[in-house]
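K.L.:
If you scroll down you'll find the structure; I have some questions about it.
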Amino acid sequence: MAAASSTTSGGGATGATTADTGSQSSSTGSGGATNTNTAAGSGGGVTSTTVTASTGTVVTTCPTEPSEAVDPPANAQEQRVVDPSQRYQTTEGWGTSLCWFGNVIGGWSDSRRNAVADLLFDEENGLGLNVVRYNIGGGDAPDHSHMGYSKEMPGFKPTEGGTYDFSADANQRWMLDAAIERIDDSELILEAFSNSPPWWMTNSGCASGAEGGGNNLKSGYFDDFADYLSEVVLHFRDTWGIHFRTLEPLNEPMVEWSSFGGQEGCHVEQADQETVLHEVRSALDGKGLTEVELAGPDETALDVTVETYNSFSTDTRGLISQINTHAYWGSQRSQLFDLATRDDKRLWSSEIDGSGAPAPFDVYAHNHDDIVPGLDIAQRITRDLREMHVDAWIFWQAVESEQAQTSLNKNWGLLHGDFEDGSEQTWMTKKYYTMKQYSAFIRPGFVMISVDDDDAVAFMNEEKGRLVIVQRRAANSDTVVSYDLSRFGTVGVQAAIYRTSPDESFERLTDIVIADNRLAAPIKAQSITTFVIDCIGP
C-alpha cells in the first residue's frame, strides 16, 4: 500500500445481496445406477443433468425454448464479436489483503466480524473472494506511536534478544481463519507478505522507514530478516495447518519510506532486493518449506516493477515463481505480461484501489452511493485483465475506515466500517456491487476469451458450459449492444442479466432471449452489466 485510504458518508447498516448464480446438482447412486437431477441454471431455462455412476459420464440436456425471458431489442446500435478461439489467461480468482482492516474487524463482536467475513469470502452470499494476502507485521519500536490506528501491525518477535510470540496479531489471524473457513479448498490461495522487517532490524529503529527515505534494512540483518519471515511461515504451517503458496518479502521496496510515518514500509535498493530474495529462499529451503514459492518485486507502479524485475540477474529471476505488481501508476502492462510469458511466471495485479478520481490518490467526493468510483474500479479491472492478462486480481484492502474516508474525502474500499467509534457499523458502496459483477460469475478456472470492446471482458468455462460477459459503460447515454456468438458451436437460448448502476446494486434483471446466435441487450448509462449464458460450447 503506497498511501492512505478512502471515504464515504451516509448509508445504513451492512446488508448482503445473494447472487442467483444458479446451480446444477447431481447424485451418483451405487452399482451403476443413473440419477437425474433438474435445476434452474442462471440462464433461465430448465437443465437436466444425468450422471452415470459406473462411468462418471455427465450428459447435460439443455433447454430448447426460453422461459421467463423477454425478446431482445429490435435494433442494436453497437456490434461486438465474442470469439472462443482466441484464448488468454485462466483466472486464479479475486482477492484482498487483510491488513489493515483485519487488524480492526477481527476484534469486533462475533456476529459483526462474521457478517463482514461472509460479505467478502462467502461465494453464495458475498463476493466469493478466494485469494487472501496475509501481512506478516514487523512491529514498531515500543516507544513509537506515530502510525495510524489499525496500521501498526504487531510483530511476532518484538525484540532482538526475545522469543517469538505467536499469540500476536490475533485480529488479523482471526480474519485469515474466517476466510479459510469460507473458501473452498480447491480455490483457496494464500500469500504472506511483509511491509517492513521488525524495527530492531532497521537502520532508523523505526518500521515506517528511514530518515530521508533511504535503505532501512540493516546490511548485517538480511539473513535475520529471512529467518524471521520463514519462521513465521513455518509456524503457520506446522502449528496451525495454514499453507502459504507464496511469500513476498518486500512490498513497494523502491518507495522512499520515511521514519515516523503512518504505516510500515521499507526502502530496499534493487541490488539489495536480490540479496534478500536469495536469503529468503535459502531460509525456506533450510526449514523444509520448499513448497513455498517466492513472489516479487511488487513495486507501487507498473513501470517500476518492470524496471526492478529487469534489473535482477537471471539467477534471481529464477527464484521468483510469481511476478506481483501494484497498478496505481504506470502504463507498461503489455511489457510486464511479455516478461512474465518469457520467463514462465504467474502474474498478479496484487494491490489496487482508488478514490474514484482518474489518479487513485486524488480527492473524489465521498459518497457510498456514487457509481463513478464503481466505474473507476471496473475500468482498472478491465485494463489489467485485457492488457496485462493477470492470473489474479487482488484488491488492496476490501474494508476501509469510514472515518478516514470521510476526512480524506475519498472512496477507497469496497465496504466502509466504523474503525474508531466502536459501533461496528459497516456501509455498502457501489464499488462492492461492482466487484460482485465480476467475482460472482468469473470463477477460478474460467478462461478469458476475445470480445472486441476495450470496456468489456468475456470468460468461459468449457466444462461448465458457461460464458460470462461483463460490460462497463461510463457514458451518460444508453445504448444497445449485440454480441455475436456465432463462433461458438452451441449457444444457450437465453442470458441472465445482472446490473449495477446509479439506481441499481447488483440487480437481477429479466433474462433476454438469444436469437440467431446473437445476444442483443440494452446497456444502461453509467453501468456495469454482467451476462451469464449457460449451455454454451466452443
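The values are calculated or read from the model by the stated rules, or taken from the named source; none is laboratory data. Quantities reported herein were computed from a predicted structural model and do not represent experimental measurements. FYI the Cβ positions are ideal-geometry reconstructions off the backbone, even for glycines, and counts take in every protein chain you see. Just so you know, the surface numbers come from the protein's heavy atoms only, side chains and all, with ligands and any DNA or RNA stripped out. Shrake-Rupley method; radii C 1.70, N 1.55, O 1.52, S 1.80 Å.
K.L.:
Please specify each residue of segment 442-456 satisfying the condition of being aliphatic (A, V, I, L, M) and within 24 Å of D376 (Cβ to Cβ).
P.N.:
Passing the criteria: I442, M448, V451, A456.
K.L.:
Still on this structure, please answer the following. Just one of the numbered conditions (1) in contact with a helix residue (DSSP H, G or I) (Cβ under 8 Å, 6 or more places away or on another chain); (2) in contact (Cβ under 8 Å) with a residue 40 or more places away in the chain is not true of K218; which one?
P.N.:
With respect to (1) in contact with a helix residue (DSSP H, G or I) (Cβ under 8 Å, 6 or more places away or on another chain); (2) in contact (Cβ under 8 Å) with a residue 40 or more places away in the chain, K218 is out only on (2).
K.L.:
While we're on this one: Only one of these conditions is not met by H416: (1) in contact with an Asp or Glu (Cβ under 6 Å, 6 or more places away or on another chain); (2) surrounded by fewer than 24 Cβ atoms within 10 Å (Cβ to Cβ). Which number is it?
P.N.:
(2)
K.L.:
If you don't mind, another one. Within segment 102-125, can you find the residues that are within 15 Å of the chain's Cα centre (by Cα) and either buried (at least 24 other Cβ atoms within 10 Å of the Cβ) or of a type in the set (A, V, I, L, M) (or both)?
P.N.:
A117, L119, L120, F121
K.L.:
Let me ask something additional. Hey, does segment 385-400 have a residue that's more than 12 Å from the chain's Cα centre (by Cα) and under 30 Å from S109 (Cβ atoms)?
P.N.:
Yes, there is a match, as at least one residue in segment 385-400 is more than 12 Å from the chain's Cα centre (by Cα) and under 30 Å from S109 (Cβ atoms).
K.L.:
Is there any pair with a first residue in segment 479-506 that is at positive phi and a second that is of a type in the set (K, R) whose Cβ atoms are under 7 Å apart and which are 6 or more apart or on different chains, and what are they?
P.N.:
Note: pairs meeting the criteria are F506/K436.
K.L.:
Go through R472, R487, R508 for me and flag whichever is modelled with pLDDT of 95 or more, in a loop (DSSP other than H, G, I, E, B) and charged (D, E, K, R).
P.N.:
Step by step, each of R472, R487, R508 is checked, and only R487 is modelled with pLDDT of 95 or more, in a loop (DSSP other than H, G, I, E, B) and charged (D, E, K, R).
K.L.:
Of the conditions (1) modelled with pLDDT of 90 or more; (2) of a type outside the set (D, E, K, R); (3) over 15 Å from E463 (Cα atoms); (4) surrounded by fewer than 15 Cβ atoms within 10 Å (Cβ to Cβ), A69 clears all except one; give me its number.
P.N.:
(4)
K.L.:
Restricting the first residue to segment 348-368 and requiring it to be within 12 Å of W396 (Cβ to Cβ) and touching a residue at least 40 places away in the same chain (Cβ under 8 Å), which pairs with a second residue that is surrounded by fewer than 18 Cβ atoms within 10 Å (Cβ to Cβ) and of a type in the set (A, V, I, L, M, F, W, C) meet a Cβ separation below 6 Å and a spacing of at least six or different chains?
P.N.:
Listed by first residue and then by second, the contacts come to F361/A3.
K.L.:
Still on this structure, please answer the following. Of the conditions (1) buried (at least 19 other Cβ atoms within 10 Å of the Cβ); (2) within 20 Å of D370 (Cβ to Cβ); (3) out of contact with any Phe, Trp or Tyr (no Cβ under 7 Å at 6 or more places or on another chain); (4) of a type outside the set (D, E), G465 fails just one. Which one is it?
P.N.:
Single failed check for G465: (2).
K.L.:
Moving on to the next point. Do the conditions hold for S450, that is, is it open to solvent by 10 Å² or more (accessible area, probe 1.4 Å), in contact with a helix residue (DSSP H, G or I) (Cβ under 9 Å, 6 or more places away or on another chain) and not in a loop (DSSP other than H, G, I, E, B)?
P.N.:
Considered against the rule, which asks whether it is open to solvent by 10 Å² or more (accessible area, probe 1.4 Å), in contact with a helix residue (DSSP H, G or I) (Cβ under 9 Å, 6 or more places away or on another chain) and not in a loop (DSSP other than H, G, I, E, B), S450 comes out as no.
K.L.:
Could you tell me which residue of segment 511-529 is farthest from K436 (Cα to Cα), considering only residues that are of a type in the set (A, V, I, L, M) and assigned to a strand (DSSP E or B)?
P.N.:
Per the stated criteria, the residue is A515.
K.L.:
What single numbered condition from (1) more than 30 Å from T64 (Cβ to Cβ); (2) without any contact (Cβ under 8 Å) to a residue 40 or more places away in the chain; (3) not polar (S, T, N, Q) fails to hold for D455?
P.N.:
Only one criterion is unmet by D455, namely (2).
K.L.:
Only residues that are out of contact with any Cys (no Cβ under 8 Å at 6 or more places or on another chain), open to solvent by 20 Å² or more (accessible area, probe 1.4 Å) and in a loop (DSSP other than H, G, I, E, B): list them for segment 221-260, please.
P.N.:
G241, H243, R245, M254, V255, E256
K.L.:
Specify the residue that is surrounded by the most Cβ atoms within 10 Å (Cβ to Cβ); the eligible residues are those in segment 423-447 that are more than 16 Å from I533 (Cβ to Cβ) and of a type in the set (D, E, K, R).
P.N.:
K431
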